[in-house]
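J.: Before I ask anything, let me first share the structure, which is written out below as structure tokens.
The values are calculated or read from the model by the stated rules, or taken from the named source; none is laboratory data. Because the structure is a prediction, the values reported are computed rather than measured. Because the Cβ atoms are built from the backbone with ideal geometry, glycine has one as well, and the counts that use them run over all protein chains shown.
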Amino acid sequence: MKVLLLFTGGTISMVRDSKSGALHPADMATFQSYVPELFAGEIEVDMLPFEPLIDSSNVNPENWSRMAHMVYDNYEKYDGFVILHGTDTMSYSASALSFMLHNLDKPVVFTGSQLPVGVLRSDAKENLLTAIEIAAAKDENGRAMVPEVTIFMDDELYRGNRTTKRNAEHFSAFNSYNYPALARAGVRITYQKQFIHYPQPNVKLRLRDKTDCNVAVLKLFPGITEPVVKAILSTPGLRGVVLETYGAGNAPSCDWLYQDLRDAVERGIIIVNKTQCNTGSVSMGQYAVSLPLLRAGVVSGYDITTEALLTKMMYLFGETPDDNELVKELLQSPLCGELTNN
Ligand code: ASP
């Protein structure tokens with residue numbers, strides 16, 4: 001069994017600077033010296049580093065394309081892939097890769113840690129070694145056990161495009177609020193096969209890595225003013241907006257808000273309603289305060305995360321540049337398990 005370990009950086013690989021006291025990325029050799037077990041097991045592991053290693057706060061769509069290429073270019077040589085990545089933006093990267101790697105039939109497991117690998121109480125080794133085991137795991141028919149882009153952290157394996165970083169302190173950094181865990185690692189790793197997404201048979205992996213960053217998040221709050229809304233909606237080149245609403249997709253009853261949203265939709269901007277709640281789905285029309293959004297042409301994001309919605313928009317605008325109607329339709333349908341629309 002062979003696994004490729006892509007090494008992008010993050011806390012897992014960091015050391016403390018003696019002068020400033022701040023954590024910054026170390027090099028691959030230092031990292032390897034802390035985890036000799038990596039190369040002593042039954043699974044053969046090769047490492048491929050990013051040059052330079054990055055704190056994931058610096059990740060961008062170009063990096064996502066690079067990660068997707070690293071998987072795509074090495075696809076036939078390995079049974080699975082593990083991507084070491086900082087936790088801060090891991091949910092964005094895992095979401096982006098889930099869209100870019102179309103019809104994936106091998107595991108791509110993101111992992112990281114809350115404490116650097118060299119620290120005594122670090123969660124790095126357990127996360128990394130279990131992620132490698134998951135990336136190599138096969139079912140009784142010899143198929144990859146989890147042929148999806150996932151995040152493994154603190155004993156739970158989640159579909160990557162369903163995750164959100166929820167904790168800056170605890171080892172359990174992520175949660176998947178609207179979709180169950182795909183596996184749990186205790187003494188044994190227990191896979192929840194009924195929740196795993198399998199690719200279409202006999203369709204090869206396709207790489208689609210074009211993106212368009214002309215997107216924005218507009219988060220509603222009590223007292224929000226029209227100049228703020230107008231400033232966002234009149235951003236030059238803007239193509240898509242994640243409208244973060246209340247509860248089941250509700251907004252304040254302000255005529256100017258509805259009018260500004262309607263004008264933006266008429267200018268060809270796609271506005272998707274995403275609830276500010278972690279759990280649950282948008283249901284426009286359930287309350288009188290969401291009906292005007294529907295009438296303004298705002299579409300539903302259902303139970304998608306902001307991370308998945310933003311990266312999905314970037315991906316769809318990049319890959320389908322001239323077809324707004326198609327993008328609108330695809331934003332309301334699951335492409336790889338990122339939302340439930342029924
Ligand atoms: N700032 C770090 C990063 O995301 C945090 C972490 O890895 O947990 O790269």
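J.: Enumerate the pairs (first residue in region 283-302 and under 10 Å from Leu261 (Cα atoms); second residue anywhere and modelled with pLDDT under 95 and part of a loop (DSSP other than H, G, I, E, B)) with beta-carbon separation below 6 Å, excluding pairs fewer than 6 apart on the same chain, so at least 6 apart or on different chains.
T.: Final answer for the pair search is Leu293/Met284.
J.: Are there any pairs, at least 6 apart or on different chains, whose C-beta atoms fall under 9 Å, with the first in region 310-337 and more than 19 Å from Gln200 (Cβ to Cβ) and the second surrounded by 14 or more Cβ atoms within 10 Å (Cβ to Cβ) and modelled with pLDDT under 95, and if so, which?
T.: Close Cβ pairs satisfying both conditions: Leu326/Thr320; Val327/Thr320.
J.: Still on this structure, please answer the following. Would you point out which residue out of Gly80, Gly41 is buried (at least 24 other Cβ atoms within 10 Å of the Cβ) and not hydroxyl-bearing (Ser, Thr, Tyr)?
T.: Residue meeting the stated conditions: Gly80.
J.: Another question about this same structure. If you scan region 36-65, which residues turn out to be within 16 Å of the ligand (Cβ to nearest atom) and either touching a helix residue (DSSP H, G or I) at 6+ places or on another chain (Cβ under 8 Å) or assigned to a helix (DSSP H, G or I) (or both)?
T.: Of everything in region 36-65, those that are within 16 Å of the ligand (Cβ to nearest atom) and either touching a helix residue (DSSP H, G or I) at 6+ places or on another chain (Cβ under 8 Å) or assigned to a helix (DSSP H, G or I) (or both) turn out to be Pro49, Phe50, Leu53, Ile54, Ser56, Ser57, Asn58, Val59, Asn63, Trp64.
J.: Restricting attention to region 111-126, does a residue exist that is out of contact with any His (no Cβ under 9 Å at 6 or more places or on another chain), away from the ligand (no atom under 16 Å from the Cβ) and of a type outside the set (Phe, Trp, Tyr)?
T.: yes
J.: Inspect region 219-229 for any residue being under 27 Å from Gly112 (Cβ atoms), β-branched (Val, Ile, Thr) and without any contact (Cβ under 8 Å) to a residue 60 or more places away in the chain and give the result as yes or no.
T.: So far as region 219-229 goes, no, none of its residues is under 27 Å from Gly112 (Cβ atoms), β-branched (Val, Ile, Thr) and without any contact (Cβ under 8 Å) to a residue 60 or more places away in the chain.
J.: List the pairs whose first member sits in region 3-20 and is at pLDDT 90 or above, whose second member is more than 13 Å from the ligand (Cβ to nearest atom) and of a type in the set (Lys, Arg), and whose Cβ atoms are under 8 Å apart, counting only residues at least 6 apart or on separate chains?
T.: Leu4/Lys77
J.: From the list Leu182, Leu233, Leu207, which one is more than 16 Å from the ligand (Cβ to nearest atom), under 19 Å from Thr340 (Cα atoms) and touching a helix residue (DSSP H, G or I) at 6+ places or on another chain (Cβ under 6 Å)?
T.: Of the residues listed, the single one that is more than 16 Å from the ligand (Cβ to nearest atom), under 19 Å from Thr340 (Cα atoms) and touching a helix residue (DSSP H, G or I) at 6+ places or on another chain (Cβ under 6 Å) is Leu182.
J.: Can you tell me which residue in region 243-282 is nearest to Leu316 (Cα to Cα), limited to those that are of a type in the set (Val, Ile, Thr) and either without any contact (Cβ under 8 Å) to a residue 24 or more places away in the chain or outside any helix (DSSP H, G or I) (or both)?
T.: Ile270
J.: Applying the selection to region 228-257, what residues are buried (at least 18 other Cβ atoms within 10 Å of the Cβ) and more than 26 Å from the chain's Cα centre (by Cα)?
T.: Val229, Ala251, Leu257
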